[in-house]
1. Give the label of the value calculated from the structure for Cα Rg over 2.2 N^0.38 Å, choosing from (1) 1.28; (2) 1.65; (3) 1.47.
2. Report in % the part of the accessible area of the chain that belongs to carbon and sulfur, leaving out ligands and nucleic acids; probe 1.4 Å.
3. Taking the Cα-to-Cβ direction at Ala22 and at Leu43 and moving 7 Å from each Cα, how far apart do the two end points lie in nm?
4. Calculate one ³J(HN,Hα) per residue across region 14-24 by plugging θ = phi - 60° into the Karplus curve 6.51 cos²θ - 1.76 cosθ + 1.60, and present them in order as whole Hz with x for glycine and proline.
5. So what is the 222 nm mean residue ellipticity for the chain from helices alone, if each DSSP H run of at least 4 adds -39500 (n - 2.57) and you divide by all residues, rounding to the nearest 500 deg cm²/dmol?
6. So with the 1.4 Å probe, I'd like the accessible area per residue for the chain, rounded to whole Å².
7. Compare Ile24, Ile12 by solvent-accessible area with a 1.4 Å probe and give them largest first, with all protein chains kept in place.
8. Compute the length gained on full extension between His76 and Val8: take 0.36 nm times their separation in residues and subtract their Cα-Cα distance, giving the result in nm to one decimal.
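The values are calculated or read from the model by the stated rules, or taken from the named source; none is laboratory data. Everything numeric in this text was worked out from a predicted model, so none of it was measured. Virtual Cβ from ideal backbone geometry, glycine too; neighbours counted across all protein chains shown. SASA here: full protein model, heavy atoms, side chains in, ligands and nucleic acids out. Shrake-Rupley method; radii C 1.70, N 1.55, O 1.52, S 1.80 Å.
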Amino acid sequence: MTTAHLLVPVPIPDRVAALIGACIPPRVLQAEFEADCAAREVLRFRGPRLCAEDQADREQALSELARANKVLAAHHPALPVRPGGVR
């Protein structure tokens, strides 16, 4: 018996990734890329005291993440990305 949280992520070959990507609409692939970038950006701005500019940048990244996640969730409910990288 295995559960999802115990599975070890295994890299897939580039050719397999290309086949998978060919089956997904381009707007969903673009949204996934934007969500991953925005999630990494959100993690850059953490801490108890952020200056006003960093707070604005974090809010912008959260907005971009939410926008991309909306497209991903419309395609499949399990696709949205979280800032920690865990789906």
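1. It is the value labelled (1).
2. Heavy-atom surface of the chain belonging to carbon and sulfur, 1.4 Å probe: 60 percent.
3. Inter-label distance under the simple model: 3.2 nm.
4. Listing the rounded values in order: 4, 5, 5, 4, 5, 5, 5, x, 5, 8, 9 Hz.
5. Numbers: 3 runs with 52 residues, N = 87.
Here the helix-only value at 222 nm equals -20000 deg cm²/dmol.
6. Values: 6960 Å² over 87 residues.
Dividing the accessible area of the chain by its residue count gives 80 Å².
7. Largest accessible area first, the residues go Ile12, Ile24.
8. Numbers: separation 68, 0.36 × 68 = 24.48 nm, distance 2.25 nm.
Gain in length upon complete extension: 22.2 nm.
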